[in-house]
Amino acid sequence: MTTSGSGKLNFCLVFQGLTTLAARADARDMDLSVDTWSYLYAHLMSLWVNRFYIYSCAAFGISIWICFQFITTKTKKQNEKSTQKLAPPKVTPDVVINGYTLPKAREVYVAGVKVFYGSQTGTAKRFATTLAEAILSLNLPAEVINMRDYDPDDCLAEEATSKNICVFLVATYTDGQPTENAAWFCKWLEDSVNDFRFGKTYLKGMRYAVFGLGNSVYVDHYNTVGKNIDKWLWMLSAGRVMTRAEGDCNVAKSKHGSIEADFDAWKVKFLTRLQALCKGERKPCSGNCKKGKCKSKRKQSKEGSDHDQRASEQENNEVEELFETTSEESGTEEDGSHNSVIDVEDLGKIMGHMKKTKKERELEEEASGTGPSEQNNGKHEESGRREMITPGLRDVLTKQGYKLIGSHSGVKLCRWTKSMLRGRGGCYKHTFYGIESHRCMETTPSLACANKCVFCWRHHTNPVGTEWRWKMDQPEMILREAIENHQSLIKQFKGVPGVRIDRFEEGMVVKHCALSLVGEPIMYPKINTFLKLLHHHNISSFLVTNAQFPVEIRNLEPVTQLYVSVDASTKESLKKIDRPLFKDFWQRFLDSLKALAEKQQRTVYRLTLVKAWNVDELKAYADLVSLGKPDFIEVKGVTYCGESTASNLTMANVPWHDEVMHFVQELVDFIPDYDIACEHEHSNCLLIAHKKFNIDGEWYTWIDYDRFQELVQEYEKSGGSKTFTAADYIAKTPSWAVFGSRERGFDPLDTRFQRKNKTKDISGC
């Protein structure tokens, strides 16, 4: 008991002692905490009272730091600039290949300058050499090119991505024509502008400058070549690096006293502009910003004074207005005058102006007593008729490259003729029937048509009608001038790079005539006489009709090959695609096919496939085949002709070659008497032939043209009693032209050329 009580007492004493010590420690900590807070509070209050001085010191220190950084950076840039020519540019690692680090390439804004010259007396050539030497002094590559030796068809599109600057020094020769060495280049450029297959953006990305050489004494033709080249390049979306300049041989009118001084002044401006382009600088602001306030911070160079800038901008505006304005947009007759430039893709827009001009002419004729209403019979009635080709239409068709003949005919050089002259292959008619494309003349004795097809190549700029109501030219004159004009077009290829001499000489002698240029040739009242004249000249005849003139088809004399366009197989789709003018168009269409079945010579259905419009009518097409019993059926994908208010056709309606081939294979299943004979992949076209042309397992789709001429002469001598059939002038089809061949219809004697075009494929015909 005593021990237990003593233990409890000791424990209580110890606990009491510990409690006392803890209390004393807490008191000391509390005193320390109060002292610390009082100390901190006093200092914080001191900082708050003196805050103004603290802020001032901080601002002063930041200002000194900013000034130091600015001075350091500026000094560093000056040092880098002063040593830029001595020290190589700094490179950064980019790619590691096989253990080696490849440096990141420095961006190049100008790879070099190509100086093209068109010269007759040597002045432009001398200027080109002088300019090239000046460019070389700037450590830039420069190449002087004779335009005769340059093939724009092969090379010009490459300049859109080459980062080169193309300079054109071109002289204007007699009557405003280009010099001999520049004739082909200018012709090609003009054709490209008017050819929908090239497109508006064919040369987008190309940079160029033009200096024209001329003599202002010849007011009507002063510097027309330089103006035209500048205009054509611009219309193909090439970009000017500076406004076109002109040199004048007429000292009295020359801006700087002589053509040499004109060139020297332009050369200084060009070299200054070239140096700016090499640095990646854009063109300085013209000063015509919105509200008259220029926001550009770039300083105008001494050469680019305010006066020159305003003049340059005004000239550019005038040129752009000239190129972009159409008669429909302007709304006035003056703006739609014949001298204005019409965009080839929008040619349909000028029809309103042409109709207005036509109506005014009719009123004038009636007022003067020379209109058709005043002529009642015979010769007076003929003399009172209007010409088919109106002045407005003549201008439009001439711009498109037509050579017009008389008042209703025309001839034009086919792109396949140009292709075969250069050994690059012929058209599908060469593959299917053995036509020599370089000896084929594409013409028509009637530019008028009875349809307004959605895929019309000319966007319906040609006249339309259901009967012949115009003045009529004689067939002898039409054929004579057609051959002369065709030969003059062939002559333009003399000396052109790549043109084969043997084919050039052969091309001067017309052997084939394709009456399929435009319009409806069978409308011409003297078409039979015209065909006989062709045969008398040993020229084969390939005539195409739109199946709206059954009587004329029945009365037609023998032709080498007669085509009927079968663009649809039902009444609804035909109306939608061909848009015929006749109210009884469907009955006319069926009657035309029946008339075709009565023909003994070669006959062809031409099917143009328009995706989503007429590719799903296989059974109906088969019924039409049984009605007309053609020897051959050509199936071709539609060729897109560009945007037009005359048609809502788009690229989405153009079938791929595989789609055309699939359609043909399905169609053949519905017509057991026919089979696929040939293929021309390059034109997106296939040929279905009647099995009677497959003899002993080999196709005979080609034509013996000499034999045909013998047969047609015998027919004429006998007064039509000695007839002949398609089987009498057949020839064996070569293996490369047969469907399924490795060549896909391309003649192995030629070299296929793939056009370098970043916008779209233009291989279709």
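The values are calculated or read from the model by the stated rules, or taken from the named source; none is laboratory data. Note that this is a predicted model, so its numbers are computed, not measured. Cβ placement follows ideal geometry from the backbone for every residue including glycine, while neighbour counts extend to all protein chains displayed. In case anyone asks, the SASA skips ligands and DNA or RNA and just uses the protein heavy atoms, side chains included. Shrake-Rupley method; radii C 1.70, N 1.55, O 1.52, S 1.80 Å.
Here is a list: 262, 220. Which entry is among the charged types (D, E, K, R), part of a helix (DSSP H, G or I) and buried (at least 16 other Cβ atoms within 10 Å of the Cβ)? Give the steps one after another, and end with the answer.
Working: 220 fails: buried (at least 16 other Cβ atoms within 10 Å of the Cβ).
Sole residue among the options that is among the charged types (D, E, K, R), part of a helix (DSSP H, G or I) and buried (at least 16 other Cβ atoms within 10 Å of the Cβ): 262.
Specify the residue that is nearest to residue 479 (Cα to Cα); the eligible residues are those in the range 532-548 that are open to solvent by 10 Å² or more (accessible area, probe 1.4 Å) and assigned to a loop (DSSP other than H, G, I, E, B).
Pass one, the range 532-548, residues open to solvent by 10 Å² or more (accessible area, probe 1.4 Å): 532-533, 536-538, 544, 546.
Okay, now just the ones that are also assigned to a loop (DSSP other than H, G, I, E, B), so 537-538, 546.
Details: 537: 10, 538: 13, 546: 22 Å.
My answer is 537.
Given the conditions (1) closer than 24 Å to residue 567 by Cβ; (2) among the charged types (D, E, K, R); (3) at pLDDT below 75; (4) not in a loop (DSSP other than H, G, I, E, B), which single one is not true for residue 365?
Going through the list (1) closer than 24 Å to residue 567 by Cβ; (2) among the charged types (D, E, K, R); (3) at pLDDT below 75; (4) not in a loop (DSSP other than H, G, I, E, B), residue 365 breaks only (1).
Based on this model, can you work out whether residue 562 counts as part of a loop (DSSP other than H, G, I, E, B), at pLDDT 95 or above and under 27 Å from residue 541 (Cα atoms)?
Values: part of a loop (DSSP other than H, G, I, E, B): no; at pLDDT 95 or above: yes; under 27 Å from residue 541 (Cα atoms): yes.
Answer is no for this residue.
Kindly indicate whether residue 451 is in contact with a Ser or Thr (Cβ under 9 Å, 6 or more places away or on another chain) and within 23 Å of residue 574 (Cβ to Cβ).
On the way: in contact with a Ser or Thr (Cβ under 9 Å, 6 or more places away or on another chain): yes; within 23 Å of residue 574 (Cβ to Cβ): yes.
So residue 451 passes the test.
So, in the range 124-167, of the ones that are assigned to a helix (DSSP H, G or I) and farther than 21 Å from residue 225 by Cβ, which residue ends up nearest to the chain's Cα centre (by Cα)? Walk me through how you get there before you give the answer.
First, pick out the residues of the range 124-167 that are assigned to a helix (DSSP H, G or I): 124-136, 147-149, 152-160.
If we keep only those that are farther than 21 Å from residue 225 by Cβ as well, we get 133-136, 154, 157-158, 160.
On the way: 133: 35, 134: 34, 135: 32, 136: 34, 154: 14, 157: 11, 158: 14, 160: 13 Å.
Among them, the one singled out is 157.
Give the residue that is farthest from residue 527 (Cα to Cα), with candidates limited to residues of the range 397-412 that are modelled with pLDDT under 90 and not polar (S, T, N, Q). Spell out the reasoning first.
First, pick out the residues of the range 397-412 that are modelled with pLDDT under 90: 397-402.
Then keep just the ones that are not polar (S, T, N, Q); that gives 397, 399, 401-402.
Numbers: 397: 22, 399: 27, 401: 24, 402: 20 Å.
So the residue we want is 399.
Kindly list the number of the only condition in (1) modelled with pLDDT of 85 or more; (2) on the phi < 0 side of the Ramachandran plot; (3) surrounded by fewer than 14 Cβ atoms within 10 Å (Cβ to Cβ) that fails for residue 122.
(2)
Inspect the range 500-512 for any residue being open to solvent by less than 50 Å² (accessible area, probe 1.4 Å), within 20 Å of residue 564 (Cβ to Cβ), at pLDDT 95 or above and not in a helix (DSSP H, G or I) and give the result as yes or no.
Within the range 500-512, the subset open to solvent by less than 50 Å² (accessible area, probe 1.4 Å) is 503-504, 507-508, 510, 512.
Restricting the remaining residues to those that are within 20 Å of residue 564 (Cβ to Cβ) gives 512.
Subsequent filtering for residues that are at pLDDT 95 or above retains 512.
Filter once more, keeping what is not in a helix (DSSP H, G or I): 512.
Within the range 500-512 (the criterion being open to solvent by less than 50 Å² (accessible area, probe 1.4 Å), within 20 Å of residue 564 (Cβ to Cβ), at pLDDT 95 or above and not in a helix (DSSP H, G or I)), the answer is yes, since at least one residue qualifies.
May I ask you to list the residues in the range 186-208 that are under 28 Å from residue 126 (Cα atoms), in contact with a Leu (Cβ under 9 Å, 6 or more places away or on another chain) and open to solvent by less than 20 Å² (accessible area, probe 1.4 Å)?
Those that are under 28 Å from residue 126 (Cα atoms), in contact with a Leu (Cβ under 9 Å, 6 or more places away or on another chain) and open to solvent by less than 20 Å² (accessible area, probe 1.4 Å): 188, 189, 203, 206, 208.
Considering only residues that are touching a residue at least 60 places away in the same chain (Cβ under 8 Å) and charged (D, E, K, R), which ones fall in the range 245-270?
Correct list: 267 only.
With respect to residue 527, is the statement that it is under 28 Å from the mean Cα position of the chain (by Cα), among the aliphatic types (A, V, I, L, M) and buried (at least 16 other Cβ atoms within 10 Å of the Cβ) true? Walk me through how you get there before you give the answer.
Details: under 28 Å from the mean Cα position of the chain (by Cα): no; among the aliphatic types (A, V, I, L, M): yes; buried (at least 16 other Cβ atoms within 10 Å of the Cβ): yes.
No: the conditions fail for residue 527.
Given the conditions (1) of a type in the set (Gly, Ala, Ser); (2) under 25 Å from residue 625 (Cα atoms); (3) at pLDDT below 85, and given that residue 495 satisfies all but one, which numbered condition is not satisfied?
(2)
For the condition in contact with a Gly (Cβ under 8 Å, 6 or more places away or on another chain), under 17 Å from residue 168 (Cα atoms) and in a helix (DSSP H, G or I), what is the one hit in 211, 270, 185? Reasoning before the result, please.
On the way: 211 fails: in a helix (DSSP H, G or I); 270 fails: in contact with a Gly (Cβ under 8 Å, 6 or more places away or on another chain).
Just one listed residue meets the conditions, 185.
Which of the residues spanning the range 694-753 are part of a helix (DSSP H, G or I), under 30 Å from residue 662 (Cβ atoms) and within 38 Å of the chain's Cα centre (by Cα)? I'd like the intermediate steps shown before the answer.
Step one: of the range 694-753, the residues part of a helix (DSSP H, G or I) are 705-717, 726-729, 735-737.
Then drop every residue that is not under 30 Å from residue 662 (Cβ atoms), which leaves 726, 735-737.
Of everything in the range 694-753, those that are part of a helix (DSSP H, G or I), under 30 Å from residue 662 (Cβ atoms) and within 38 Å of the chain's Cα centre (by Cα) turn out to be 735, 736, 737.
Among the residues of the range 139-165, count how many are loosely packed, with under 14 Cβ neighbours inside 10 Å and of a type in the set (A, V, I, L, M).
0
Could you list, in sequence order, all residues of the range 429-444 that are open to solvent by 10 Å² or more (accessible area, probe 1.4 Å) and of a type in the set (Phe, Trp, Tyr)?
Once the filter is applied, which keeps residues that are open to solvent by 10 Å² or more (accessible area, probe 1.4 Å) and of a type in the set (Phe, Trp, Tyr), the range 429-444 yields nothing.
If residue 481 meets every condition in (1) assigned to a loop (DSSP other than H, G, I, E, B); (2) in contact with a strand residue (DSSP E or B) (Cβ under 6 Å, 6 or more places away or on another chain); (3) open to solvent by 10 Å² or more (accessible area, probe 1.4 Å); (4) at pLDDT 95 or above apart from one, which number is that one?
Condition (1) is where residue 481 drops out.
For the range 565-612, which residues satisfy the criterion of being outside any helix (DSSP H, G or I), hydrophobic (A, V, I, L, M, F, W, C), open to solvent by less than 40 Å² (accessible area, probe 1.4 Å) and under 22 Å from residue 667 (Cβ atoms)?
Of everything in the range 565-612, those that are outside any helix (DSSP H, G or I), hydrophobic (A, V, I, L, M, F, W, C), open to solvent by less than 40 Å² (accessible area, probe 1.4 Å) and under 22 Å from residue 667 (Cβ atoms) turn out to be 566, 568, 604, 607, 609, 610.
For the range 497-526, which residues satisfy the criterion of being in contact with a Pro (Cβ under 6 Å, 6 or more places away or on another chain) and within 24 Å of residue 432 (Cβ to Cβ)? Please lay out each step first, then the result.
First pass over the range 497-526, keeping only residues in contact with a Pro (Cβ under 6 Å, 6 or more places away or on another chain): 515, 521, 524, 526.
Selection gives 515, 521.
So which of 621, 640 ends up being within 33 Å of the chain's Cα centre (by Cα), modelled with pLDDT under 95 and outside any strand (DSSP E or B)?
Criteria check complete, one pass: 640.
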